[in-house]
Every structure is written in C-alpha cells, then in structure tokens.
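The values are calculated or read from the model by the stated rules, or taken from the named source; none is laboratory data. This one's a predicted model, so the numbers in the text were calculated from it and none came from an experiment. Cβ sites come from the backbone with ideal geometry, for glycine too, and all protein chains shown count toward neighbours. Surface accessibility is based on the protein's heavy atoms, side chains included, excluding ligands, DNA and RNA. Shrake-Rupley method; radii C 1.70, N 1.55, O 1.52, S 1.80 Å.
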Amino acid sequence: MKNKVIIALAVASALTLFHSPASAQGGDKNVKLHVNPRWSECSFQLDPSLTQEAWRQFTREAGLVIYFRPLSDARPMGVGNYELSILNWQTAFDDTDPAWNDTFVHPDSVHWLKEGDRLQIPGFVFRAGVSERIDVNAYWVKNPGANYGFWGGQVQYAFVNDIDNALAASARLSFVSLYGPYDFDFTTYGMEVLASKEFGVYSDWVFVSAYAGISAYLSRSHETAPVVDLKDERILGMRGMIGVATRISFARLALEYNAAAVNSISFKVGVGF
C-alpha cells in the first residue's frame, strides 16, 4: 500500500511540474492579442491601451490569483517537523477582459484566449514547525517559458490546539510578491483565521482533516512601464475557504476551494516528516 502511495505521489508531482502555469488556448477571435515572441508562454507586459479602470480590476483579481494558499489545516506541526509540497492553484477569470488581455503578451497571433480558462500556478512550498504553536511556510515558483515568478512566506499561530478532541484554530499572516517583469511591481498581503477537525480513519496511519476559514487581503500594484501612466492601486478584499487535508504516513494530500470575486480550486501533493 505504501509503495502505491509513493508511486502515485511521484506521478502527480511530475504532472504538476510540467503543466504550463499560464496557457491561453481557445477561440475568441474578436479579441486583439498583444504579441511578443520573446517568450514561449504568456507573459506580463503592459499595453498602451491599458486604462486605470482595467488596472484596478487587474489588481483586485490578480491579488486573489496569487494569494498564498498553503492547503494545510489549523493544527500545528510541532517543533522539528517539516513538509515539502508541490501546489497547483487554478483560478477562473475572463482573460478576454482588458484587465488581463492588456496586461499579458502572447508568443504568437493565434494563441487565442477563451473566456472561462483557468490560470494555473504551480509552486513549491516548504513548511516547518518552529514551536509548539508556530509554523512557517516559504513559497516559490518560476514559469520557465515566461518572464515571471512568485515568492512568498507565511506565519501560522495556533491559538487553539485541543489534542484530545482533535480540534484546532489558527491565525495566519502571509505575502506573495511577483518578480521578473520590468513593467510593474505586485504584492499581495493576507490575514486569515481558520478552524479544523481531524479524523483518524485507519488506525494511526491515515488521518483526514476538514477545515474552513476566512481571509482579508490587500493587493498593491505599482507600474513602471514607459508606455502607460497609471496610479498605484491598493485593493482590499475578502475570501472564504473550505478544504480537506490528508496524511497517509509521510504523504500529504490536500484539496481546497476558495470563494471570492474570482474563485479558485487548489491541490497539494507532498511529503512530511
């Protein structure tokens, strides 16, 4: 059984790593694509037609796209324990909208967009327990075919850790920052609270934890492009989350749904010790 789990984790990890973080194939040919063959994947570059209104919408929606989701419950890991995972965040939005079309360039003129496409952002997360109640997370991703990547971090404090009843509640502070593009800077800050309940479903080997929470976030954008003159945007927003996290011996699996202005589905595959 354990060998099968290891094989499944390896396959899922490989699929996650090699899935393009931002592909735009589709068919709305009424949209004028902005083309730059410098990159083999869709990349960030501001177009002169980008308006302040679209820039504000992009700041709001992109903040939710890159918001740090560790896909873990409220239970603290404990001192000396750690986890290495691969995450994949999938967010649906209208990429034919000027807020996205005028902030992206594409490798060729037939790289058509399609309403309802999901932007997929995989990344690596390292999580560690630094005290009996505090965990830290570090996040990193780089799209090798594009001009962008993200890095970030998070601190989680468990203010409730009822071991006897397998209940926990935590507060989190996080940030994620864009790197790579010359045209703008972008950062999302988050603060959230969540609660979870863990269930042992097979002796002391398999555990499933259900969790739910609510988050507040601040997205900040600052353009540095010579082709536009846009004011900085700072957008506040809220998001809700529900998820399931599973421990199978040293394996870690999780699935989470986020409800917000643009909705996301995320999953995690990893190992913990």
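See the values below:
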{"item": "The stretch 94-111, subset open to solvent by less than 20 Å² (accessible area, probe 1.4 Å) and in contact with a strand residue (DSSP E or B) (Cβ under 9 Å, 6 or more places away or on another chain), residue modelled with the highest pLDDT", "result": "THR103"}
{"item": "Residue in the stretch 79-98 that is over 14 Å from the mean Cα position of the chain (by Cα), of a type in the set (D, E, K, R) and closer than 23 Å to GLY152 by Cα present", "result": "yes"}
{"item": "Counted residues, the stretch 161-187 - those being among the aliphatic types (A, V, I, L, M), open to solvent by 60 Å² or more (accessible area, probe 1.4 Å), in contact with a Ser or Thr (Cβ under 9 Å, 6 or more places away or on another chain) and not in a strand (DSSP E or B)", "result": "0"}
{"item": "Hey, GLN57 at pLDDT 85 or above and touching a helix residue (DSSP H, G or I) at 6+ places or on another chain (Cβ under 6 Å) or not", "result": "yes"}
{"item": "So ASP135, is it touching a strand residue (DSSP E or B) at 6+ places or on another chain (Cβ under 7 Å), modelled with pLDDT of 95 or more, crowded, with 18+ Cβ neighbours inside 10 Å and not polar (S, T, N, Q)", "result": "yes"}
{"item": "Where LEU218 falls short, out of the listed (1) in contact (Cβ under 8 Å) with a residue 40 or more places away in the chain; (2) in contact with an Asp or Glu (Cβ under 9 Å, 6 or more places away or on another chain); (3) surrounded by fewer than 19 Cβ atoms within 10 Å (Cβ to Cβ); (4) aliphatic (A, V, I, L, M)", "result": "(2)"}
{"item": "Condition check for GLY116: surrounded by fewer than 23 Cβ atoms within 10 Å (Cβ to Cβ), within 21 Å of the chain's Cα centre (by Cα) and modelled with pLDDT under 95", "result": "yes"}
{"item": "Evaluation of ARG56 against (1) surrounded by fewer than 22 Cβ atoms within 10 Å (Cβ to Cβ); (2) in a loop (DSSP other than H, G, I, E, B) (one fails), failing number", "result": "(2)"}
{"item": "Test: residue in the stretch 149-170 that is within 20 Å of SER196 (Cβ to Cβ), of a type in the set (Val, Ile, Thr) and within 17 Å of the chain's Cα centre (by Cα)", "result": "yes"}
{"item": "Selected residue [assigned to a strand (DSSP E or B), within 21 Å of GLY272 (Cα to Cα) and in contact with a Leu (Cβ under 8 Å, 6 or more places away or on another chain)] from GLY237, GLY243, GLY213", "result": "GLY243"}
{"item": "Options SER196, SER203, SER249; residue that is at pLDDT 95 or above and either open to solvent by less than 60 Å² (accessible area, probe 1.4 Å) or more than 21 Å from ARG172 (Cα to Cα) (or both)", "result": "SER196"}
{"item": "The listed residue being touching a residue at least 40 places away in the same chain (Cβ under 8 Å) and touching a His at 6+ places or on another chain (Cβ under 8 Å), out of PHE273, PHE175, PHE207, PHE184", "result": "PHE184"}
{"item": "Identity of the residue in the stretch 257-266, over 11 Å from the mean Cα position of the chain (by Cα) and in contact (Cβ under 8 Å) with a residue 24 or more places away in the chain, that ends up most open to solvent (accessible area, probe 1.4 Å)", "result": "ALA261"}
